[in-house]
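The values are calculated or read from the model by the stated rules, or taken from the named source; none is laboratory data. The structure displayed is predicted, hence computed values, not measured ones. Every residue, glycine as well, gets a Cβ built from its backbone with ideal geometry; the counts of neighbours run over all protein chains shown. For accessibility, only protein heavy atoms count, side chains too; no ligands or nucleic acids. Shrake-Rupley method; radii C 1.70, N 1.55, O 1.52, S 1.80 Å.
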Amino acid sequence: QVRLVESGGTLVQPGGSLRLSCAASGSVFRFYAMGMGWYRQAPGKQRELVASISSISSTNYATSVKGRFAISRDNAKNSVYLQMNSLKPEDTAVYYCNAETGNGVRYWGQGAQVTVSS
């Protein structure tokens, strides 16, 4: 099995910045060929896709974070990152790392809490 572990979640003030990291370990099969994504879920709300990055590093963002967040990957480290700038209170959520193989098999991390508050 593939294990995904998020790190970097914390309390941050509105307008601040934060970088989340996700490291893959275990039975990682060609990490470079996997599509990666960040999802988030706020209390009482449905989980939503925040950003994704393909095996060739093409990216896609939710409208709500476009221009503020940036997803990137480092295949040598089996890692994916989410740089979050100009954070807003509505960004408060548990952020989950996701990986998808070429055959459509998906893996999930346990989540990292990000709280944007004064």
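Each Lys or Arg adds one and each Asp or Glu subtracts one; over the other residues with Cβ under 12 Å from the Cβ of Phe69, this totals +4.
Residue ranking by accessible heavy-atom surface, 1.4 Å probe, largest first, among Asp74, Asp91 comes out as Asp74, Asp91.
For the chain, the share of accessible area belonging to carbon and sulfur comes to 47 percent (1.4 Å probe, ligands and nucleic acids excluded). A 1.4 Å probe run over the chain, with the rest of the protein chains in place, finds 54 Å² accessible per residue. About its Cα centre, the dipole of the chain is roughly 80 debye, where the only charges are +1 on Lys and Arg Cβ and -1 on Asp and Glu Cβ.
Applied to the range 109-117, the Karplus parametrisation 6.51 cos²θ - 1.76 cosθ + 1.60 on θ = phi - 60° returns per-residue 3J(HN,Hα) values of x, 7, x, 10, 7, 10, 10, 10, 7 Hz, with x for Gly and Pro. Applying the Karplus relation 6.51 cos²θ - 1.76 cosθ + 1.60 with θ = phi - 60° to the range 38-45 yields 3J(HN,Hα) values of 10, 10, 9, 9, 8, x, x, 10 Hz, where x marks Gly and Pro. Taking amide hydrogens as placed 1.01 Å from N in the peptide plane, the amide H of Phe69 sits under 5 Å from those of Asn85, each at least 5 positions away in sequence or on another chain.
If contacts are Cα pairs under 8 angstrom and at least 6 residues apart, what is the relative contact order of the range 1-112 in percent?
Result for the range 1-112 is 35 percent.
Each of the peptides 92-101, 108-117, 41-50 was scored by the mean count of other Cβ atoms within 10 Å over its residues; in descending order, highest first, they stand as 92-101, 108-117, 41-50.
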